[in-house]
């Protein structure tokens, strides 16, 4: 069994490839599951995408470039499918079910993000596959979990953002509810699943069922918002760019663009007021304590912006950070990607994809000074059919026949 092989390699694998020797079957589509499996691949796991013949992962036809979509290599697919292999398989057919079971025998992990109950209806649920491979770590990623009244509801990111309460606290009182500007629920759900798989791989013996709900993963990250309500009975609300725990703490206008200032401690507030040449604000009873400043945060922001708008954002960032007042510019995505801090640490790497140099994000983790980057391009649909199906014992003639039947 390959699962045993994974354990045997632990003492030999490179520290920067902690999942070397681990095989992951990626039965997922679009983002949450593929993002999970991409993180596992970046940590050294062998990830095999198992895709439906003829179409594959829906993300292959999603993205801003219609030409790439037509070719089945949409930008949405490229973003989180490098460093993977691809096989095609019709899991609705009897032959396809048998082939998946053979593949499961070689695997350590299976990740799927079908609606709850789909794998059971196919006859390929955890109870069945556990009999095939008792050491299998089976991770089911869904919008709301494998039980409960919403278990069968669609798990689109925006739906989950709304139901989890995120949209209700995003924006300001005039604009909320507002969607977070990227697929927060999908990526948080995917990262949570990757963490759960990595933890399960540390267990001995292995063999476990992981039920990851995107909605619960998101709510877990809401920390103080949830605790303030559960413990402090404070109703969560939309506060725009203001940090409700302190003031002055939020976004402020300067001469040429916004900055964030987080003067959360009294001494930071005092230093800020003096540096801006506004020491009289320290004697204003409306700003005397943290609670006073929180109640009068909007008036205080207007006072501070009178001075902040006399210099550039870059000048204030440099000056205020130098005196211990946490400050940072508000950047666009292109500006953030071009920033020397990010570019200097090598998060974005270049990879040849069908003869084209393409920039993709690597692992968000630097391990022992090394950041894992993808070395192989996102695969064409079924690119590894011959290699993988031959490995489990199929002949070339059998592979050709199954392909003609539409099984692979």
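Coordinate-derived values only; no laboratory data. Predicted model only: the values in this text are computed from it and were never measured. Reconstructed Cβ throughout: ideal geometry from the backbone, glycine too, with neighbour counts over all protein chains shown.
Taking Cα atoms, how many degrees apart are the long axis of helix 396-405 and the longest axis of the chain, rounded to 10 and kept between 0 and 90? Orientation of helix 396-405: about 70 degrees from the principal axis. Taking 0.36 nm per residue of sequence separation and removing the Cα-Cα distance, the residue 95/residue 132 pair yields an extension gain of 11.7 nm. Once the chain from residue 228 to residue 251 is taken as fully extended at 0.36 nm per residue, the excess over their C-alpha distance is 6.0 nm. Taking every alpha-carbon pair under 8 Å whose residues sit at least 6 apart, the chain reaches a relative contact order of 18 percent.
In units of the rule-of-thumb radius 2.2 N^0.38 Å, the range 206-261 shows an alpha carbon radius of gyration of 1.71.
Axis angle, to the nearest 10 degrees, between helix 297-308 and the longest C-alpha principal axis of the chain: 80 degrees. On the principal axes of its alpha-carbon atoms, the range 249-330 has extents of 31, 21, 20 Å, going from largest to smallest. Among 375, 275, 102, the largest mean-square fluctuation in a Gaussian network model of the chain, built with springs joining Cα atoms closer than 10 Å, belongs to 275.
A simple spin-label model places the labels of residue 368 and residue 288 5.9 nm from each other, with each point 7 Å out along Cα-to-Cβ.
Estimated at 0.36 nm per residue, the fully extended path between residue 235 and residue 321 surpasses their Cα-Cα distance by 27.6 nm. The value of relative contact order for the range 12-117, using C-alpha pairs under 8 Å at least six residues apart, is 32 percent. Relative to the longest principal axis of the Cα atoms of the chain, the long axis of helix 94-105 makes an angle of roughly 70 degrees.
Expressed in Å, the radius of gyration and Dmax of the Cα atoms of the range 107-235 are 16.8, 55. For the pair residue 265 and residue 331, label points projected 7 Å from Cα toward Cβ lie 2.6 nm apart. Its residue count N sets the reference 2.2 N^0.38 Å, and the alpha-carbon radius of gyration of the range 339-408 equals 1.66 times that reference.
Mean-square fluctuations from a GNM of the chain, with a 10 angstrom spring cutoff on Cα atoms, peak among 110, 281, 381 at 281. The equivalent ellipsoid that matches the C-alpha gyration tensor of the range 169-300 spans semi-axes of 39, 17, 16 angstrom, in descending order. For the range 226-355, the relative contact order works out to 26 percent when only alpha carbon pairs closer than 8 Å and six or more residues apart are counted. For the chain, with a Gaussian network of springs between Cα atoms less than 10 Å apart, report the residue from 284, 113, 260 with the top mean-square fluctuation. Checking each option, the largest mean-square fluctuation is seen for 284.
Rg and Dmax of the range 283-402, both derived from C-alpha coordinates alone, stand at 26.9, 87 Å.
Averaging 1/r over each pair of different alpha-carbon atoms in the chain and inverting the result gives 24.1 Å, the Kirkwood hydrodynamic radius.
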